[in-house]
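First up is the structure itself, then whatever we jot down about it.
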Amino acid sequence: MNASTADRSERPRHVLLLHCHDLGRFLRCYGVPTVHTPALDALAADGVRFDRAFCTAPQCSPSRASLFSGHYPQTTGVLGLTHHGWDLEVPHVGRRLSDAGFHAELIGIQHEAIPRPDGEMTDRLGFDVVDTLPSGHTNRRAEVVADRTIAALQERA
């Protein structure tokens, strides 16, 4: 179904996009028996799991820019790492979700655009909420990200 042509009652009510830094396919739901990830395995079984996803670039920022924009790195403006000055020049999925009427919230790491203070980052990427540290960088501690995500999901439930 094409989201732009579907009526709102046919569209999904919620989209939860989990992205892990440098995780690859090291989860039980991808066949790695030594990794114990029961919550992610259950989520994968009940949702959509990519079985054939490919990386568009060998570095973090260009790959993320592709993943979150749908464009190749050479058209995103991110040909290198964002902490070296490369910045996203095309719409982010946060913008697209917000424009489609979803509440879009960024919790955790973001490495596809140059870090900015909260208000600038929400405007820049299109999120309704960006959860950052006082330094303006997104929070990267797993425990903090998990707790904040749980709280955000409970708030939106």
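The values are calculated or read from the model by the stated rules, or taken from the named source; none is laboratory data. Fair warning: this is a prediction, and the values are worked out from it, not measured in the lab. As a convention, Cβ positions derive from the backbone with ideal geometry for all residues, glycine included, and neighbour counts pool all protein chains shown. Accessible surface areas use protein heavy atoms only, side chains included; no ligands, DNA or RNA. Shrake-Rupley method; radii C 1.70, N 1.55, O 1.52, S 1.80 Å.
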Under a Gaussian network model of the chain whose springs join Cα atoms within less than 10 Å, the largest fluctuation of L67, L79, L23 belongs to L23
Under a Gaussian network model of the chain whose springs join Cα atoms within less than 10 Å, the largest fluctuation of H21, H71, H84 belongs to H84
Which of (1) 16.2, 62; (2) 14.9, 48; (3) 16.1, 43 is the computed Rg and Dmax of the Cα atoms in Å? It is (3)
Answer in debye to the nearest 20: the dipole magnitude of segment 63-153 about its Cα centre, from +1 Lys/Arg and -1 Asp/Glu charges placed on Cβ, is 200 debye
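Heavy-atom accessible area per residue, the chain, 1.4 Å probe: how many Å²?
Working: 10360 Å² over 157 residues.
Counting only protein heavy atoms, the per-residue value for the chain is 66 Å².
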Computed ³J(HN,Hα) along segment 105-111: with the Karplus parameters 6.51/-1.76/1.60, θ = phi - 60°, integer Hz and x for glycine or proline, the list is 10, 9, 10, x, 7, 9, 9
Checking R11, R25, R95 against a Gaussian network model of the chain (alpha-carbon springs below 10 Å), the top fluctuating residue turns out to be R11
Once normalised by the length of the chain, the mean sequence separation of its alpha carbon contacts under 8 Å that are 6 or more apart gives a contact order in percent of 14 percent
Residues whose modelled amide H sits under 5 Å from the amide H of A104, counting only those 5 or more places away in sequence or on another chain, are D128, V129
In the chain the accessible area split gives carbon plus sulfur, as whole percent at 1.4 Å, a share of 57 percent
